[in-house]
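Read-outs throughout are calculated quantities, based only on the coordinates presented, and are distinct from any laboratory measurement. Predicted, not measured: the structure shown is a model, and the values here were computed from it. Cβ: placed from backbone, ideal geometry, glycine included. Neighbour counts: every protein chain shown.
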Ligand code: UDP
Ligand code: MG
């Protein structure tokens with residue numbers, strides 16, 4: 001089943017100049033970009049995006065990180081795109097991520113882990129709508 005998922009190249013990876021390399025991985029992984037923009041999140045936008053984690057101990061640090069510089073938000077489409085994009089990302093903690101995954105190769109630590117992917121169809125719907133309207137999506 002063709003699905004859409006939200007990807008983010010996080011501020012650490014944009015700053016490190018890894019945007020192109022990460023987009024190359026997802027294209028090589030047969031995911032199609034149907035929407036993409038660079039945005040410098042405010043603290044409030046980062047808090048809203050990660051509201052599901054608002055009671056977690058890492059919330060303040062995470063939302064500071066996500067608003068420290070520009071990130072690139074994108075909508076990716078393909079068969080089983082949600083799980084396939086998360087497989088390309090690897091585990092949340094780069095130290096636990098498999099060889100050849102994006103987080104293993106571009107992440108610094110469990111917070112500064114280079115990229116985001118939606119974890120379910122429900123979160124994908126919320127996350128895509130958080131950043132994109134229908135006119136900004138080509139698929
Ligand atoms: N995070 C963190 N410390 C943790 C767990 C997560 O800083 O102990 C950050 C990390 O950037 C992660 C994000 O919070 O990507 C969202 O956490 P989640 O558990 O949803 O991981 P993900 O779905 O991104 O793999
Ligand atoms: Mg998550």
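Quick rundown of the values:
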| read-out | value |
| --- | --- |
| Cα-based shape type of segment 34-97, given that a ≥ b ≥ c are square roots of the gyration tensor eigenvalues and the cut on a/c is 1.5 | oblate |
| Whole-Å distance, taken between Cα centres, linking segment 63-122 and segment 21-50 | 9 |
| Calculated [θ] (222 nm, deg cm²/dmol) that DSSP helices of n ≥ 4 give over the chain, each run adding -39,500 (n - 2.57) | -10500 deg cm²/dmol |
| Virtual paramagnetic centre 7 Å along Cα→Cβ of residue 50, amide N under 19 Å, in segment 94-116 | 94-97, 103-104, 106-116 |
| Contact order normalised by residue count of the chain, Cα under 8 Å, 6+ apart, percent | 37 |
| Hydrodynamic radius of segment 77-139 per Kirkwood, over alpha carbon pairs, in Å | 12.6 |
| Ranking of 103, 112, 43 by count of other Cβ atoms within 10 Å, fewest first | 43, 112, 103 |
| Rg in Å to one decimal, and Dmax rounded to a whole Å, for segment 1-60 via C-alpha atoms | 14.0, 37 |
| For 123, 2, 67, order by how many other beta-carbon atoms lie within 10 Å, fewest first | 2, 123, 67 |
| Coordinate range along principal axes, alpha carbons of the chain, Å, largest first | 36, 34, 26 |
